[in-house]
Amino acid sequence: MSTKEILRVKGDIKATYAKLSKIYVILEERFEKKLREKGLELLDVQKGEVVLEIGFGTGCSLVEIAKSVGETGKAYGIDLTPEMVKLSKERLEKEGLKERAELQEGNARKMSYRDNMFDAVYMASTLELFDTPDIAKVLREIKRVLKPTGRLGVVSIAKEGHEDSKILKFYEWLHQKIPKYASCRPIYVEDSIKDTGYKIIKTEEMMIAKLFPMKIVMAKLFWKEK
């Protein structure tokens, strides 16, 4: 399995993003705008749906999800850091969408949501933050909370097809040396998703800052554990 070649995560992700929360507002709003728009376009959230975002950051995508589900739907969000929860609640309130969203601080490895709760789950620039053995745990936990007909959208730094990329190799080196600032690393996102029992529906790739290859993967449940 290709995920064996992924670097192990170094550093304390929660502490890192607590410190980066204010700076991440700028990164998320400006540098990830086109990526966010394409990811949400492919997720295709409909009115009345119940949708979860894992690792919602400062809430840019959550706002769009809350708009898309309408008054009859509901947006949920879970993030590891209280600073991100606070920033996202403020953003939702400013947009007049506070009542359409329910946020919590928590860990995606083990979520408090009930089985078969969500029509869709979305996570962007998040799966690559989990340590290698935990990627499958998170994807299995998403399977549990997804409806049998539900869909999964993942946006992640792609290692597949870019194994010889000097930029990614340099970034992996930075992750090993200064994980506090280079907090994630590229992963084999498609393999990880397929190996956990999902069927890939669509993939697209975009570059961020003309440097980082980001893969957008849309998937549905291929089989569901009983």
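Values quoted throughout were computed directly from the atomic coordinates according to the rules given, and no laboratory measurement underlies them. Note that this is a predicted model, so its numbers are computed, not measured. With ideal geometry, Cβ positions are generated from the backbone for all residues, glycine too; neighbour counts draw on all protein chains shown.
Quick notes
- In the stretch 76-149, GluC sites (Glu not before Pro) in a DSSP loop with at most 16 other beta-carbon atoms within 10 Å: E95
- Of the chymotrypsin sites (Phe, Trp or Tyr not before Pro) found in the stretch 114-165, none is in coil by DSSP with at most 15 other Cβ atoms within 10 Å of its Cβ.
- Likely footprinting exposure, K166, K94, K215, fewest C-beta neighbours within 10 Å first: K166, K94, K215
- Remark: R151, R144, R114 ranked as R114, R144, R151, counting other beta-carbon atoms within 10 Å and listing the fewest first.
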